[in-house]
Amino acid sequence: MGKVTVAVAVIGGAAVCAAAALVVRHRMQISKQCVKAADILKELEEKCATPTSKLRQIADAMTVEMHAGLASEGGSKLKMLISYVDNLPTGDEEGVYYALDLGGTNFRVLRVQLAGKSGIEFQEFAEVSIPPQLMVGTSEALFDYIAAELAKFVADESEKFRLPAGRQRELGFTFSFPVLQLSIDSGTLIRWTKGFSIGEMVGKDVVAELTKAMERQGVDLRVSALVNDTVGTLAGGRYDNKDVFIAVILGTGSNAAYVERAQAIPKWHGPHPKSGEMVSNDFSFSFVFPVINMEWGNFRSSHLPLTEYDNTLDAESLNPGEQVLFMHVLY
């Protein structure tokens with residue numbers, strides 16, 4: 001019995017030692033994995049580092065690209081698009097207005113009653129998801145879907161929104177993709193971003209396509225302004241605060257817009273916008289200006305801290321080599 005007990009004890013001890021060895025080995029493997037993970041994170045941190053000196057290099061490189069983009073079409077990775085917005089809100093506006101915001105996997109529709117100095121009296125909005133197949137289908141299918149949803153929204157307008165007799169409802173169209181603007185209410189698509197890829201739409205007037213879709217759906221709206229979401233953000237900020245001159249978007253995409261002097265835009269060969277008075281809380285000055293849509297998501301520089309992960313993401317995107325800053329900032 002004693003021998004059996006000893007044998008059992010020995011076997012038990014061996015089993016415990018074996019189990020302990022497995023635990024130790026497992027912990028060592030975890031420890032090695034942790035060390036490896038820590039090394040990877042440290043390497044990534046070093047590659048992504050942005051000390052002040054590097055930020056200044058990036059800022060200088062962007063400034064050079066901004067001047068090049070203002071000088072000529074196609075002269076820079078930054079499109080520096082002229083928005084034809086030469087009159088920002090003052091806060092005195094009155095009436096009923098509609099807005100359509102298309103810039104990602106969802107689009108939003110809005111109606112608002114502006115009451116002058118009293119600000120926004122009423123507003124209502126709806127958000128609608130875009131089926132994935134429409135993002136890579138045809139322009140007619142996409143805009144018909146949008147116009148049909150817009151028709152439902154307009155039909156639901158309540159009596160508290162007061163439209164003057166004989167006046168047609170006006171729509172501001174926020175289209176958050178690169179567009180070569182031809183006027184305040186027209187512009188041709190340069191390229192799709194954010195997962196959209198409808199090749200036959202490139203080079204077409206986006207307002208004309210929306211207008212035709214609204215006519216097919218029986219929507220009584222007139223598109224009075226076409227703006228990029230960043231330009232719209234600048235106008236919205238200006239409505240509330242007269243010191244706003246710059247807007248930045250960090251969302252599905254990334255972009256910036258700002259007020260520029262017309263004299264600083266060599267590529268502008270047409271007539272300059274009308275002169276007016278720009279007033280802030282601290283100063284006022286006469287101005288001749290447009291709002292510039294930078295499209296800075298396409299900025300690329302050797303000073304940007306790009307890693308192999310950024311390069312892989314770029315290679316597997318719908319438009320390799322495009323929107324590098326946008327992917328670098330947001331992903």
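Region 168-228 and region 146-167 have Cα centres spaced 19 Å apart.
The residues packed around residue 128, meaning those with a beta-carbon under 9 Å from its beta-carbon, carry a net charge of -1 if Lys and Arg are +1 and Asp and Glu are -1.
In this structure, residue 315 and residue 90 have a Cβ-Cβ separation that, at R0 = 51 Å, corresponds to a calculated FRET efficiency of about 0.60. Restricting attention to region 83-227, the count of lysine pairs at 8 or more positions apart or across chains with alpha carbons under 22 Å apart stands at 5.
Local charge for residue 40 was computed over the other residues whose Cβ lies under 12 Å away, with Lys and Arg +1 and Asp and Glu -1, and equals -2. Site pair residue 40 and residue 118 shows an inter-label distance of 6.0 nm when each label is modelled 7 Å from Cα along Cα→Cβ. Taken along the Cα-to-beta-carbon direction at a fixed 7 Å, the label points for residue 157 and residue 126 span 1.4 nm.
Fully extending the segment from residue 59 to residue 222 would add 54.6 nm, taking 0.36 nm per residue of separation and subtracting the current Cα-Cα distance.
Placing a label point 7 Å from the Cα of residue 148 along the Cα-to-Cβ direction, the residues of region 195-230 whose backbone N falls under 16 Å from that point are 213-219.
Scoring 176-187, 290-301 by mean Cβ neighbours within 10 Å over their residues and listing the highest first yields 290-301, 176-187.
Read-outs: derived from the displayed coordinates by stated rules, not from any lab. Values in this document were obtained by computation on a predicted structure and should not be read as measured data. Don't worry about glycine lacking a Cβ; one is built from the backbone with ideal geometry, like all the others, and counts go over all protein chains shown.
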